[in-house]
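Please treat every number below as a calculation from the coordinates, not as lab data. Because the structure is predicted, anything quoted here is derived from the model rather than measured. Glycine also receives a Cβ, built like all others from the backbone with ideal geometry; neighbour counts cover every protein chain displayed.
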Amino acid sequence: MTATTLAALDIGSNTVMTLVLQVGEQGELHVVDEFGEVTQLGAGANAENRYCLREEAMARSLATAGRQLQHLRQRYRHFTLVAAATSAVREAPNGTAFMRRCQQELVLNEAPTILSGDLEAEACFLGAATAFAPDQTFINIDPGGGSTEFSGGKPGRLHHAFSLPIGCVRWRDRFGLSEVFDKDTRERAAQAVHDAINSAAGAHNTLQQAAGAGAVLSASGGTAATLGAVLLGRHDFDRQLIHRRPCGRTDINDMLKRVAAMTCAARQDLPGMPPGRASVFPAGLIIMCSVMDMLGHDELIINCHGLRHGLIVLLRQGRLAPQLSV
């Protein structure tokens, strides 16, 4: 890889995000830029419409990706870009056509890669692993908009990875969590997470066994980052202040009860709440708490290294082809 600036464009079910890393002299990676926007590409894609992406959601996401690429082209003279799409696109009958449209309108050399669930989980693991020492075993969970990715192992050695269709956009729409909701609704949504995990033929037990007894629990993705930012109570997001921050299950449950009693507008006014995140934040917390309960962990580490870091690792390994190199 000759380029010293590498970027990852993540066309997710809830957000479109771009990460920019600089390669140091010894091959180390440094975050130099990151920006994103909630577009909810997966909103309204459900069984009733055969999980088809809606035109307005595709247009929103495409416009956002276009602005982010314009920013990249203006700010960085030379860069290599890897672009990928996740749950909402891989499940949609019109997902491949949308990726071809992205290629054409974003002027990419190749259409963005549609990640399989297993590869998305592996990418999350590879990204999360960059936050740990080489001998640290860990389990990583990444609750996204349409799916949650699970993985376990240690840096350089993935033991197990899988993806389940449990996501904060999906759960918000299914259980009506965008506004105030009661304890019964919260418990039904949590039980549905348990049921979905139990239906995966003991996958979470395999994950725990593969990672080992000394594994720490790591959480990457937007829900985890938002949790850290809201707990910190700052409007200016500072990744350094929340990255690797420990957070107990009691703290997460308390936050969930607090936001469940708030309107979406009131949640959005919380210091640290990213624009557009308020409607899906409670659903993400329900997923996170339920997974912690099933894995038997009372604490997790908020990990700001996740899917996009992993996409760049896969790019450097030659396992993903670049969509653009300038």
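The figures follow:
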{"item": "Inter-site label distance for GLN209 and ARG75 at 7 Å from Cα along Cβ, in nm", "result": "4.6"}
{"item": "Prolate/oblate/rounded call for region 13-76, Cα gyration tensor, a/c under 1.5 rounded", "result": "prolate"}
{"item": "Phi to ³J(HN,Hα) by Karplus 6.51 cos²θ - 1.76 cosθ + 1.60 over region 242-258, Hz, x for Gly, Pro", "result": "10, 5, 6, 6, x, 8, x, 4, 4, 4, 5, 4, 4, 5, 4, 4, 5"}
{"item": "Ranked list, fewest to most other Cβ atoms within 10 Å of each Cβ, for GLU105, GLU149", "result": "GLU105, GLU149"}
{"item": "DSSP bridge orientation in region 131-304 - percent antiparallel, rounded to nearest 5", "result": "75"}
{"item": "Computed lengthening from GLN240 to THR263, 0.36 nm per intervening residue step minus Cα-Cα distance", "result": "5.3 nm"}
{"item": "Global form of the chain, assessed from the alpha-carbon gyration tensor, a/c cut-off 1.5", "result": "rounded"}
{"item": "Neighbour-count ranking [beta-carbon atoms within 10 angstrom, fewest first] of PHE35, PHE125, PHE181", "result": "PHE35, PHE181, PHE125"}
{"item": "Local electrostatic count, ARG239, Cβ distance below 15 Å [Lys/Arg +1, Asp/Glu -1]", "result": "0"}
{"item": "Pairwise FRET efficiency - LEU158 versus ARG249, Cβ, R0 = 25 Å, nearest 0.05", "result": "0.45"}
{"item": "Prolate/oblate/rounded call for region 113-219, Cα gyration tensor, a/c under 1.5 rounded", "result": "prolate"}
{"item": "Pairwise label distance in nanometres, ASP182 with GLU299, each label 7 Å out on the Cα-Cβ vector", "result": "3.7"}
{"item": "Region 72-145: trypsin sites (Lys or Arg not before Pro) in DSSP coil with no more than 12 other Cβ atoms inside 10 Å", "result": "ARG77"}
{"item": "Order of ASP293, ASP142 under a 10 Å beta carbon neighbour criterion, fewest first", "result": "ASP293, ASP142"}
{"item": "Local net charge near ASP142, Cβ-Cβ under 12 Å (Lys/Arg +1, Asp/Glu -1)", "result": "-3"}
